[in-house]
Every structure is written in structure tokens, then in C-alpha cells.
Amino acid sequence: MSEKERNEYLIGLKKLRKKLVENPAAARKFLVDAGIYTPKGNLR
Amino acid sequence: MYSTRPGLILAFHGCDISVQNKVLNGKSELNFSENTFDWLGSGIYFWEYSQERALEYARRLSKQKHHNNNIKKPAVLGAVIDLGHCLDLIEYKNLQLLKENYESFREIQIASGFDLPENKKGGSLNDLLLRDLDCAIIEFIHQSRVDLNLKPYDSVKGVFLEGDEIYPDAGFKEKNHVQVCIRNPNCIKGFFLPRVLNDRYPTV
């Protein structure tokens, strides 16, 4: 990852974090989509 | 700039001899490991350049009686691997990236109301064998790249300091190793049966 790509990723990550922190339902969906949790909030 | 690895590596997977045979004969593929505690997230796991460690691992598992432990006769499968776009957690900048992702994950996890996964010691050993938190952070990185439409990582690589000191006050431990976790099976260019050294000739 170049410095430019890395910076783009970190900017994108910051926006994503802000969006998800403001919307708990979207945060839960993201974490479930990532395969980390089940919809009930248990580890998958 | 340097996250795509040039060249190929050799790596080894400990398994039952039936799995070794099926994969070598093209009758089966290795499946992803998808445990919550996998050290480098979900994927196909290999020991980099360590046939002996792969065999030791398979032998140890063959002695454990678990309902889903299917190793009866330990064996090792060799693989030729192109790591491709690799999240190499030996690299300084990627360790910083991991830290930044932990901070993002933590905020999102709190917002979600879900519990924070934990890394835990396994059995009587002092090593953190069950790494739910590390696994979650790595899966979080993969998912964030999906959401941001960025090129996914083909593989993840890490170095692990494991086991007892090899002598009193040693900085080295008995089971130090490098693991690779393949996310993109096309990284695996081929499998091979590791050979026994012909001791009539020098080691190359």
C-alpha cells in the first residue's frame, strides 16, 4: 500500500467509523457482515 | 507500495494423511479455518518454511480427543504460494494500521452494544492460544476494505513467539514461527509431497 493509498484508506475508515458510530443498527449490520458476530451479538 | 510480494514461498500444512492424498490428487481442496479464535482471521493456514512444525502440530492434534479432530495419521502437505496483496503483520506500518483499526473497531463495537471479544490463554499454557480479539480486528480490516471498495488482501502473515524459553532467560522460544493465512485460494500455485532428505548428498 502506497502512502497515498494508506491515507485514502485511513480517511475512508474515519468516515466509515463516524457513520457507524452514529447509527448503531448500521454498526451491528457491519459487524455481522464482517462475520465477527451473529445478529444476536454472539461471536459468530 | 511494497505490499504485493514478489516471488513465491514454500509453506506447510499439517493434516491427516487422507487429506494429504486427496489434495495432492486434486480430489479435494483445503477448506477455510473459520474459528473465532484464529490468529490471523479466517483462511487456509500454513507454516512458512517449517515442515517440521507443521508435522509437530498435526501429531499433537492427533493425540487430542475432540469430536471434530479428524487427524488419525499425521502428515504434511507442502504448498507453493504467492502471497499477492499481503497484510504482512511483521511490517511496522501494518502494525500501525492494525492499531488504528482496533480503535475504529472499539468505537463501532461499543456503538453496536455487542461485547468486546477477548484473547485468552489456552489450557495450562501461558500463550494466548484463543485470539478472538485479534481475529475480530483482522476480519474488521477485511470488511472495511470491502465497504470502501478497496483491493482486498489475498493473504495475512504474522510472526508468533510461542512456547517456553529455549534456555533460561532466552529471548527465543521453542515454538517461534511465521504463519500465513490465505484468503484468496488462487494464491496457492500448487501442492507437493515433501521429500525425505537423501543424506548421500549435501543439503541444498
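Quick notes on this structure:
- Global form of the stretch B:128-204, assessed from the alpha-carbon gyration tensor, a/c cut-off 1.5: oblate
- With all protein chains modelled, accessible area of B:Val80 [1.4 Å, Å²]: 40
- Only Cα pairs under 8 Å and 6+ residues apart enter the sum, and on that basis the relative contact order of the stretch B:1-160 stands at 30 percent.
- Of every Cα-Cα pair in the stretch B:89-134, the percent that sits beyond 11 Å: 71
- Spatial separation of Cα centroids for the stretch A:10-25 and the stretch B:26-95, in angstrom: 33
- Shielding of peptide B:98-104 by partners, expressed as the average count of other chain Cβ atoms within 10 Å per residue Cβ, is 3.
- Karplus-derived 3J(HN,Hα) values for the stretch B:128-133, using 6.51 cos²θ - 1.76 cosθ + 1.60 with θ = phi - 60°, are 7, 8, 10, 10, 4, 5 Hz; glycine and proline are entered as x.
- For B:Phe192, solvent-accessible area (1.4 Å; no DNA, RNA or ligand), Å²: 60
- Equivalent ellipsoid semi-axes - Cα gyration tensor, the stretch B:41-171, angstrom: 29, 20, 17
- Residues in the stretch A:3-44 that, when all protein chains are in place, have 50 Å² or more less accessible area than the chain alone would give (probe 1.4 Å): A:Arg6, A:Tyr9, A:Leu13, A:Arg17, A:Val21, A:Arg28, A:Phe30, A:Leu31, A:Ile36, A:Tyr37, A:Leu43, A:Arg44
- For chain B, the longest principal axis of the C-alpha atoms and the axis of helix B:92-112 are separated by about 50°.
- Of the solvent-accessible surface of the protein assembly as shown, computed with a 1.4 Å probe and all protein chains present, 53% belongs to carbon and sulfur.
- Charge-dipole axis of the stretch B:1-121 as Lys and Arg at +1 and Asp and Glu at -1 on Cβ define it, positive-most pick from B:Pro6, B:Tyr57, B:Phe46: B:Tyr57
- Computed magnitude of the charge dipole of chain A (debye, nearest 20; Cβ of K, R +1, Cβ of D, E -1): 200
- Annotation: the stretch A:5-44 has a Kirkwood hydrodynamic radius of 10.8 angstrom, from the mean reciprocal C-alpha pair distance.
- Convex hull of Cα atoms in the stretch B:162-204, direction-averaged projection (nm²): 5.9
- Contact order relative to length of the stretch B:46-113, as percent, for alpha carbon pairs under 8 angstrom and 6 or more apart: 19
- Largest first and in whole Å, the equivalent-ellipsoid semi-axes of the stretch B:102-162 read 24, 18, 7, each the square root of five times a Cα gyration tensor eigenvalue.
- Cα centre as origin, Lys/Arg/Asp/Glu Cβ charges: the protein assembly as shown dipole, Debye: 640
- Cross-link reach list, lysines versus A:Lys40, counting only Cα pairs under 22 Å and skipping chain neighbours closer than eight places: A:Lys19, A:Lys29
- Surface burial for A against B, with a 1.4 Å probe and both sides summed, reaches about 2700 Å² of accessible area.
- Max mean-square fluctuation residue, GNM over chain B, Cα-Cα springs under 10 Å, options B:Gly26, B:Gly84, B:Gly113: B:Gly113
- Under the Debye formula (equal points on every Cα, no solvent term), log10 I(q)/I(0) of the stretch B:34-113 at q = 0.14, 0.20, 0.23 Å⁻¹: -0.73, -1.05, -1.19
- Cβ charges +1 (Lys, Arg) and -1 (Asp, Glu), total dipole of chain B, debye: 900
- P(r) of the protein assembly as shown over all Cα-Cα pairs, binned every 10 Å from zero, in whole percent: 7, 27, 33, 23, 8, 1, 0
The values are calculated or read from the model by the stated rules, or taken from the named source; none is laboratory data. The model shown is predicted, which means the values in this text are computed figures rather than measured ones. Cβ sites come from the backbone with ideal geometry, for glycine too, and all protein chains shown count toward neighbours. These area figures cover heavy atoms from the full protein model, side chains too; ligands, DNA and RNA do not enter into them. Shrake-Rupley method; radii C 1.70, N 1.55, O 1.52, S 1.80 Å.
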